[in-house]
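Trainee: Below: one structure in structure tokens.
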Amino acid sequence: MAQRTVRPRVEAPSARSRARRFPEAGAPPAAVKLRSHLRRWALLVLAVVLAGLAGLAGVGPAWATTVSTSPADVVTAEPEVAVRAGATAPSSTDYTAAYVYGAPAKLSSPNAATSYVRGSPTRPRAVSWETSASVRDRGVAAETADAGGIIYRTGSRTPNALTDSSGVSFRDSVSSSLSAEHPQVFRPGDKVWGVDTSGLPSGSVVRDGVPAGHVSVYATPDEIMGAIVDDPFLGQLGLKPLDEFGSYRLPK
Amino acid sequence: MSTSFAEWVRGVVDETDVPRLVSERPAVVLERIARGAGATRWFHVASARDLELVCHELAPGSTVSFYFDDRIALLPYDDETVMRILDLIAAHGDAVVGALDDNQLEISVEFVAGANELGEFAENLPPQSSVFVGAFPAADNDGYDAVTLSLPDRDGVTRRHPH
């Protein structure tokens, strides 16, 4: 049996439907061109008028106005917050949360990430403390260069010890700030070592002073290790030099 | 430390698998002190009672890691261990070396970076001592071999602090 091919039937559109769908199709070519030219001229005139108005308003020519979207200029309102793996996810009634440890540090982002432990009595006051102590200081630090000088830290100098997305903690002297909230951090017999802040990336050093003398550094372990110096002042203080370059032991 | 803060700490710890894991394996605990310029405290937790005692020792704002594997191993202090420590120093720059205090809870740790520093540490060791040895660990959090958590401040708010 011979196979019969069935082709779909396509009807040519009528002249009326063509005119409804393509209103210019039936018009003479010269009229279409004229309408198109008029539209372009109208748009051009509108653009010039808008540019003039913008100039009068003091924002400069419209074509010279740009918006910076580089990451360093963007202040993020909501820092990255996540619950650690292995921890219980927070619910609407449970404010306990923790932060991703390996999240990248953002110099311009406010350090306003807070979470609350159930039963916390002072939620509003705590947030305002955070705003005054950290957000302002970090914002300023991102815009101004550090004055330089040596800052000090104790403990291991390995990358694992110098990795913290919340900043790496230093002090601006080998003394300790003593208070009930912040006990002595450099204890007798501790190893201390120094970093020259001029060797760290611009804007990475934040002298937040919480507690007094505290310095936060937002740099990679390699950058921090590359800025370690042998501070002769520690030797002059009579501290014992140790095996590792630039390390001294506080008296026991 | 106020009782209420220790209760908060206990609440944070109880929301993790740490109590269950402690019942199965002992843990070495690393406390990174908030705004402490690198200051740390180390503990050995081998029971639920130890865990309760440690919760009363931890400071506000600390980042606390519980390690249940042997990355910080308890070894007899002998020639083999000395070689292992020197290998760690060669590989990482320094090594964590510690001895358990008399309270059997806190570990007195040194970050030794050479043979002289190791010799100083060994001078104070009683004979036949065991020591904790390892590279400074990362703040890992796989929920099995390591659990890391952030403690609230004294007012109960958990903030991001430099450590």
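Trainee: Could you grab me the full set of residues in region B:67-81 that are in a helix (DSSP H, G or I) and either buried (at least 16 other Cβ atoms within 10 Å of the Cβ) or within 12 Å of chain A (Cβ to nearest Cβ) (or both)?
Mentor: B:Thr81
Trainee: Would region B:99-120 turn up any residue that is in the same structural domain as B:Thr40 (by TED's automatic domain parsing), in a strand (DSSP E or B) and among the small types (Gly, Ala, Ser)?
Mentor: no
Trainee: If you don't mind, there's one more thing I want to ask. For the structure I just gave you, tell me whether B:Glu106 is within 9 Å of chain A (Cβ to nearest Cβ) and either crowded, with 16+ Cβ neighbours inside 10 Å or polar (S, T, N, Q) (or both). Show your work before the answer.
Mentor: Values: within 9 Å of chain A (Cβ to nearest Cβ): no; either crowded, with 16+ Cβ neighbours inside 10 Å or polar (S, T, N, Q) (or both): yes.
In short, no.
Trainee: Report whether or not B:Ser130 is touching a Leu at 6+ places or on another chain (Cβ under 8 Å), under 25 Å from A:Pro188 (Cα atoms), of a type outside the set (A, V, I, L, M, F, W, C) and free of Cβ contacts under 8 Å to residues at least 60 places away in the same chain.
Mentor: Values: touching a Leu at 6+ places or on another chain (Cβ under 8 Å): yes; under 25 Å from A:Pro188 (Cα atoms): yes; of a type outside the set (A, V, I, L, M, F, W, C): yes; free of Cβ contacts under 8 Å to residues at least 60 places away in the same chain: yes.
So B:Ser130 fits the description; yes.
Trainee: On to the next question. Check region B:139-152 and report whether any residue there is at pLDDT below 95, of a type outside the set (A, V, I, L, M) and touching a helix residue (DSSP H, G or I) at 6+ places or on another chain (Cβ under 6 Å).
Mentor: yes
A quick yes/no check of all residues on (1) in a helix (DSSP H, G or I); (2) in contact (Cβ under 8 Å) with a residue 24 or more places away in the chain:
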| site | (1), (2) |
| --- | --- |
| B:Arg20 | yes, no |
| B:Ser23 | yes, yes |
| B:Glu31 | no, yes |
| B:Gly36 | no, yes |
| B:Trp42 | no, yes |
| B:Asp50 | yes, yes |
| B:Val54 | yes, yes |
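Trainee: What are the pairs, 6+ residues apart or on separate chains, where a residue within region B:78-100 that is on the phi > 0 side of the Ramachandran plot has its Cβ under 6 Å from a residue that is part of a loop (DSSP other than H, G, I, E, B) and among the hydroxyl-bearing types (Ser, Thr, Tyr)?
Mentor: B:Gly93/A:Thr158
Trainee: Output the residue which, of all residues in region B:126-142 that are assigned to a loop (DSSP other than H, G, I, E, B) and polar (S, T, N, Q), is surrounded by the fewest Cβ atoms within 10 Å (Cβ to Cβ).
Mentor: B:Gln128
Trainee: With the structure loaded, tell me whether B:Gly11 is assigned to a loop (DSSP other than H, G, I, E, B) and assigned by TED's automatic domain parsing to the domain that holds B:Asp153 or whether it fails that test. If you could, list the steps in order and put the result at the bottom.
Mentor: Numbers: assigned to a loop (DSSP other than H, G, I, E, B): no; assigned by TED's automatic domain parsing to the domain that holds B:Asp153: yes.
No: the conditions fail for B:Gly11.
Trainee: Give the residue, chosen from B:Val64, B:Val147, that is within 13 Å of the chain's Cα centre (by Cα) and facing chain A (nearest Cβ under 7 Å).
Mentor: The unique qualifying residue is B:Val147.
Trainee: Go through (1) within 11 Å of chain B (Cβ to nearest Cβ); (2) in contact with a Lys or Arg (Cβ under 7 Å, 6 or more places away or on another chain) and name the single condition A:Gly209 misses.
Mentor: (2) is the only condition that A:Gly209 fails.
The values are calculated or read from the model by the stated rules, or taken from the named source; none is laboratory data. Quick caveat: nothing in here was measured; it's all calculated off a predicted structure. Counting neighbours? That spans all protein chains shown, and the Cβs are built from the backbone with ideal geometry, glycine included.
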